[in-house]
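Presented below is the structure to which this report refers.
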Amino acid sequence: MTTVPPSDVTSDDKLWSLLSYIFAPLVGLILLLMEDKKSRPFIKYHAVCSLVLGIVAVLFYVVLGWIIVGLCVGGLVWAYGVYVGIKAYNGEMVSIPLVTDFVHKQGWA
């Protein structure tokens, strides 16, 4: 499900959103610590979602990494994040199953 992005999305917003998914969860965390970036709704939404998605991928690596399934599932979660990042770079506000609902219920985005 794709939601309507804000009308004032800049190319800088799109680039940071893409980078937050590619280098999740590190860049998402950094963006949330930068005042000028976290005040931008498009960047904040994608930074929070990439942070949660990145933590899920890392947990799969750590908890199930000793078996090949953990590596595969963690890698697939990261690959899905890159796909969502590309859609964000195209200016879309993509709804990630489970993650987007969790983020909205927590009031983070």
Can you tell me which residue within the stretch 24-81, out of those that are of a type in the set (A, V, I, L, M) and not in a helix (DSSP H, G or I), is modelled with the highest pLDDT?
MET34
Residue list for the stretch 44-80, restricted to those being without any contact (Cβ under 8 Å) to a residue 40 or more places away in the chain and closer than 15 Å to ILE96 by Cα:
ALA47, SER50, LEU51, GLY54, ILE55, ALA57, LEU76, VAL77, ALA79, TYR80
Taking LEU53, is it surrounded by fewer than 16 Cβ atoms within 10 Å (Cβ to Cβ) and hydrophobic (A, V, I, L, M, F, W, C)?
no
How many residues are outside any helix (DSSP H, G or I), surrounded by 15 or more Cβ atoms within 10 Å (Cβ to Cβ) and modelled with pLDDT of 80 or more when one looks only at the stretch 96-109?
2
Looking at the stretch 12-50 only, could you name the residues that are of a type in the set (Gly, Ala, Ser) and surrounded by fewer than 17 Cβ atoms within 10 Å (Cβ to Cβ)?
SER39
Collect the residues in the stretch 82-95 that are assigned to a loop (DSSP other than H, G, I, E, B) and either without any contact (Cβ under 8 Å) to a residue 12 or more places away in the chain or not small (Gly, Ala, Ser) (or both), keeping them in residue-number order.
ASN90, GLU92
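The values are calculated or read from the model by the stated rules, or taken from the named source; none is laboratory data. A quick note: this is a predicted structure, and the numbers were derived from the prediction, not measured. Don't worry about glycine lacking a Cβ; one is built from the backbone with ideal geometry, like all the others, and counts go over all protein chains shown.
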